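Coordinate-derived values only; no laboratory data. What you see is a predicted model; the values in this text were computed from it and never measured. In this analysis, Cβ positions are derived from the backbone assuming ideal geometry, glycine residues included, and neighbour counts consider all displayed protein chains.
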There are 4 protein chains.
Amino acid sequence: VSVSTGRVRVAVVGATGYAGAELVRLLSAHPDAELTVATSERDAGNSLGSVHRYLAHTGLDLIAADVGAIAEAADVAFVALPHGASTRIVAGLVESGLRVVDVGADFRFRDVAVYEYWYGEHEAAELLDEAVYGLTEYARKEVRTARLVANPGCYPTGALMALLPVAAHLGTAVFVDSKSGTSGAGRAAETKQLFAEVTENIRPYKTWQHRHQPEMVESLVRFGAPDLNLRFSPHLLPIARGLLSSCYVELDADCDAGELYERAYGEEPFVTVLPEGTMPEPRNVRGTNRVEIGWVHDREAGVATLVSAIDNLGKGAAGQAVQNFNCMLGVDERRGLDQTAALP
Amino acid sequence: VSVSTGRVRVAVVGATGYAGAELVRLLSAHPDAELTVATSERDAGNSLGSVHRYLAHTGLDLIAADVGAIAEAADVAFVALPHGASTRIVAGLVESGLRVVDVGADFRFRDVAVYEYWYGEHEAAELLDEAVYGLTEYARKEVRTARLVANPGCYPTGALMALLPVAAHLGTAVFVDSKSGTSGAGRAAETKQLFAEVTENIRPYKTWQHRHQPEMVESLVRFGAPDLNLRFSPHLLPIARGLLSSCYVELDADCDAGELYERAYGEEPFVTVLPEGTMPEPRNVRGTNRVEIGWVHDREAGVATLVSAIDNLGKGAAGQAVQNFNCMLGVDERRGLDQTAALP
Amino acid sequence: VSVSTGRVRVAVVGATGYAGAELVRLLSAHPDAELTVATSERDAGNSLGSVHRYLAHTGLDLIAADVGAIAEAADVAFVALPHGASTRIVAGLVESGLRVVDVGADFRFRDVAVYEYWYGEHEAAELLDEAVYGLTEYARKEVRTARLVANPGCYPTGALMALLPVAAHLGTAVFVDSKSGTSGAGRAAETKQLFAEVTENIRPYKTWQHRHQPEMVESLVRFGAPDLNLRFSPHLLPIARGLLSSCYVELDADCDAGELYERAYGEEPFVTVLPEGTMPEPRNVRGTNRVEIGWVHDREAGVATLVSAIDNLGKGAAGQAVQNFNCMLGVDERRGLDQTAALP
Amino acid sequence: VSVSTGRVRVAVVGATGYAGAELVRLLSAHPDAELTVATSERDAGNSLGSVHRYLAHTGLDLIAADVGAIAEAADVAFVALPHGASTRIVAGLVESGLRVVDVGADFRFRDVAVYEYWYGEHEAAELLDEAVYGLTEYARKEVRTARLVANPGCYPTGALMALLPVAAHLGTAVFVDSKSGTSGAGRAAETKQLFAEVTENIRPYKTWQHRHQPEMVESLVRFGAPDLNLRFSPHLLPIARGLLSSCYVELDADCDAGELYERAYGEEPFVTVLPEGTMPEPRNVRGTNRVEIGWVHDREAGVATLVSAIDNLGKGAAGQAVQNFNCMLGVDERRGLDQTAALP
């Protein structure tokens, strides 16, 4: 099917949630993708445009997620379902020969015991070894040939992008204070996510208890960092999109953070490292796959503050998923990801 | 029971919704009320403070709504339940000898056919004749002795306060364009009320189809206005509280709106009529029972714009309910309603 | 200079305001444009990226607006300056042989007396006859060959798109109630535009006194509508972008609004006419040049409500300017304007 | 003058800024205060109601700040001016025999060198020794007899309330990550405070460079804490009011934070210490003088997160100023401070 256009046929499984809809937005304009399938359990049978009018231009009708139907119509599947709900579907799609980018949490851990402690029983643990943790800047070689890419969580993406370049120089105690837009919590109807509950407030939640904390810890080790005593404090902001992650750390006096960041990201198309003391802001990366990083380091005192800003639906979800897709295709990682924030 | 304190024992039925919680806030500080009962179906058995921490000072435990239990502990009941859910409870409380202020829609109509067309079957129609439509400035005499006060809807309150003083001079076609905060829609979990769905948008909804349109029409006639061809267009704003109602009307050349407003509201403690051309803003009345009214009239062209601002939870719900309560008690209507907006 | 790329060299005069920055965002990604000049009085000498970090990718340095310098480096100029400030610059650029799209108000009126009543003395009235009022859908033939396009105001664009197709059937009294994001008011520092003054409020302002009212009236006549008694009531919303315009009108019983809208916009790439009773929302067109139109008409009563939603910086300013630019170039009007709203 | 009413005559100097207006709101309803003077340089000659319509009930006319005029009409002055602007006025008022609560920064430091390093020359350093740093819970004995109370900054109030009870057990490195509403930055017109610049973003600013950092450090020592290496990272939130302060610290294994907080605040009327792991939210204290404190401590790892929520205009400014006023008068500290947050 994709022969005539030269495009890869792609499916978005879970297309009406926030990450899924952002995938549709990006993929429907991607020069190398032909979006052929969009699924939704609740709205199967309706058009995508009837749920999200701004996506009516896709002309897509929603179907229920069915491995066979997806496998017939697509070569690559993006899965944006709640964890657990996606496990068997992802496994089925991989078995059917599709390459899969899973935006959910099910395949992000190598240690199944950690996963099961935080999430419950895993129904396709046999795939954990094979799955590639797709923090693209650190995994692009593996992503290129992967059958299954586990797209990192939004919070881990933000924290890891700031921490990894200096990880070898960190003290043991690491505090990550993250502030996220509400779209990171998904589109399910919950009282605590109502406009009137969120506006004019900032809400700390799951302090030290969020499932992204063990993902940060395991991923730090995965990419060569020491095993840190990391404490994660997420906060809900009255904004729809955007994620600021502030890391409060001890940092060796002889660590040259500026040089390490430059070495890590100097050639990266999506990462901007700001001068010491200049801080990132989510608005600058809104609607994009970009990352801004800021830092300040008192060498004498041995303390530092490392901060990143991403769009939780961009680099924190759909954007990075498309970046990984580009990587899997072997095309320029920037394909289909050239948006500029529409400010204000 | 109330002897020792000299206070009237009051109950709030449906205390965890937005109108109910605002009633608790006001009544727990009211010098003539002793708040003895707060009910919630979902959270019965829990403390009110566990649901709304800012109301923990009340020390109240939530119970399920039970006519007998409420009647034993309270003399006046404020009912803030979804329409339909409250009909039998209100009727039961009245039969049990309590005086009731119903914040819901069930007893606002005199014409049961109109009610049933818009809301469905009415289960206590026998009370419709007796119920007093509590737009206090226009009904205080009846409210004083009422057993059952039907508190007006937020939208009708806003529109009627602007329209009634000049109603005899209006042309037939009346357009009401209202802009409301989300708390007016209640605290039920709905996807369309999520922060991320509401922020950075204004959403017209139920244009010409909102249940408050027939309430406006019937109430205009009730207070002596002609039967107008009123078209109501509500909008959802990205704010928690506040309601601006703009009435676009034809107005007789010989109508002196300024004088009519002064005559209607010059002595009213909660109403501020602004000079011609100065427009009201919801922020000025936030958290209060106050009303601001603005107007502009081109006598030559015979057109006018009449605008009111209220807090949809204040004069639009709990504030007016307390005003009616004061009226029923025969005390100064300002008792317990002396808040000033906490701006910004 | 443009030979090698086949691109037209363009300048943005006033590149740091909201409309100017949006022009930069659009033009820097436009396949037929080479953005060579960006000006700012206040920030001349600095890079555009130092003022708006999200535009750093342009690599542009800001210069003071100088007709000669602009004329040397660009073939088409977009001018986004406060009215009055731009008059002489626009005239100079036109005299220097550039084609100009003026986003400001100076050349929108044919009747200089009306302009001067509302804005003050006009310093280049000789150009008023030549200037084309660039509501593209109604003026594209003239825009194609124009030296000077006066880009319509955001409010007139919203109102006219809803009113023009049915204008011949309107009664005399027309009320336009518009609700706008704050970016429509520009980026100048004013107390009343501070976050804390705007949030949790809706502010009516300049009711019946806004300068866009006479622009609506003159433009209606320009495009063949009768001379209406139009009253315009703008409101400031606590959102950054977006404009909803609600027109409350009398409409002939024999007017088939649906057919007229279809006839007017059925082939228009940027306009979506919704089914009767479905209402537009600004969020659907955010960041785009799109227009959504909704309507409801009671033929028996002869009243109607006509509503449009645009992005005040998109179709209301920079988007339409680029649409006009495409028209001037004779390319597809959609070039560089294929964004989809990034929701939520 | 105050004899007849039994009320103390009070002045608010700088009554149109956010802290000043909140002082007016509180003092105009305070049972022991008679608000006789409100000043504004910019709006002298106008009524307070013409600037802030919601304060029109005060009936006050604004005058320019003049020590003699204030001294004649008031016994206690609240000064809410930008630092520097207030120094001579405060000194003059004290010399004239008034008791003064200064909401500004000028008299918060004991070490004039620290003040001058961060703020510039001090024009009344002779008063620094006498001024009482009015973090009421820790200074009420001194406040009672003070002629001059230096009201703490909003950020130091938030951080100190969380840190002081456990200060003796802290490790050297203390990170304070604070998130504030925009009213904390005052009401001056600045581009970066425009609605469109603030919405849908969180902005880190003055990281490690904010003037409240040395105030925190000096005040910690003042109240008996060791000299800590404290690093302060403030952030601007898209909310009008509210301040969340998160302290990331090392804490001794043998420190029983719960007991220490209980000991410190168990009897405090304005402070709520939440159970371990439950986190405070600014909305719960909005419009009030209340403080919520949350904490979590891993004794084994020796790390803790201590969090407080205040209203930056309440306990962070005007509320605490009134609390200090009550203290100076020897009345119950809760007088005039019994508001409940008006949620949502």
| field | Label geometry 7 Å along the beta-carbon vector: residue B:64 inter-copy distances in nm | value | 3.5, 7.1, 7.9
| What are the label-to-label distances in nm, one decimal and shortest first, from residue D:263 to the same spot in the other copies, with labels 7 Å along Cα to Cβ? | 4.8, 7.2, 8.6
| field | Efficiency of FRET from Cβ geometry, residue D:130 and residue C:254, R₀ 51 Å, rounded to 0.05 | value | 0.05
| field | Mean separation of Cα contacts under 8 Å, 6 or more apart, over the residue count of region B:292-344: relative contact order % | value | 20 percent
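Multiplying the sequence separation of residue A:123 and residue A:227 by 0.36 nm and subtracting their Cα-Cα distance, what value in nm do you get?
Gain on stretching residue A:123 to residue A:227: 34.7 nm.
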| message | Calculate the FRET efficiency for residue B:147 and residue B:205 from the Cβ-Cβ distance with a Förster distance of 35 Å, rounded to the nearest 0.05. | response | 0.50
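What number, in percent, do you get for the relative contact order of region A:45-151 if the mean sequence gap of Cα pairs under 8 Å and at least 6 apart is divided by its residue count?
22 percent
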| message | Which of the three applies to region A:1-110, rounded, prolate or oblate, going by the alpha-carbon gyration tensor with a ≥ b ≥ c and a/c under 1.5 meaning rounded? | response | oblate
| task | Write down the radius of gyration of region C:255-300 and its Dmax, each obtained from C-alpha positions, in Å. | result | 11.3, 39
| field | Theoretical ellipticity at 222 nm over chain B - DSSP helices of four or more residues, -39500 (n - 2.57) apiece, nearest 500 | value | -7500 deg cm²/dmol
| message | Give the aspartates and glutamates whose C-alpha is closer than 12 Å to that of residue D:315, dropping any in the same chain fewer than 8 places away, or say none. | response | D:22, D:137, D:292
| field | Cut-off 14 Å between beta-carbons: net charge of the residues surrounding residue D:96, Lys and Arg +1, Asp and Glu -1 | value | 0
| remark: per DSSP, antiparallel bridges as share of beta bridges in chain D, % nearest 5, sits at 45 percent
| message | Given R₀ = 25 Å, what would the calculated FRET efficiency be for residue A:189 paired with residue C:278, taking r from the Cβ atoms and rounding to 0.05? | response | 0.70
| For chain C: relative contact order, % (alpha-carbon pairs under 8 angstrom, 6 or more apart) | 16 percent
| task | Please work out whether region D:90-153 counts as rounded, prolate or oblate from its C-alpha gyration tensor, where a ≥ b ≥ c are the square roots of the eigenvalues and a/c under 1.5 means rounded, while otherwise a/b larger than b/c means prolate and anything else oblate? | result | oblate
| remark: By the Cα gyration tensor axes a ≥ b ≥ c (a/c under 1.5 gives rounded; else a/b larger than b/c gives prolate, otherwise oblate), the shape of the protein assembly as shown is rounded
| task | With the Cα gyration tensor of region C:251-344 in hand, convert its eigenvalues to equivalent ellipsoid semi-axes via √(5λ) and list them largest first in whole Å. | result | 28, 16, 10
| request: Report, for residue A:331, each distance to the same residue's label point in the other copies, shortest first and in nm; define the point 7 Å along Cα→Cβ. | output: 2.0, 7.2, 7.3
| said: Just to be sure I follow the definition: excluding the sites themselves, where is the longest run in chain C that has none of the GluC sites (Glu not before Pro) in a DSSP loop with at most 15 other Cβ atoms within 10 Å? | reply: C:42-120
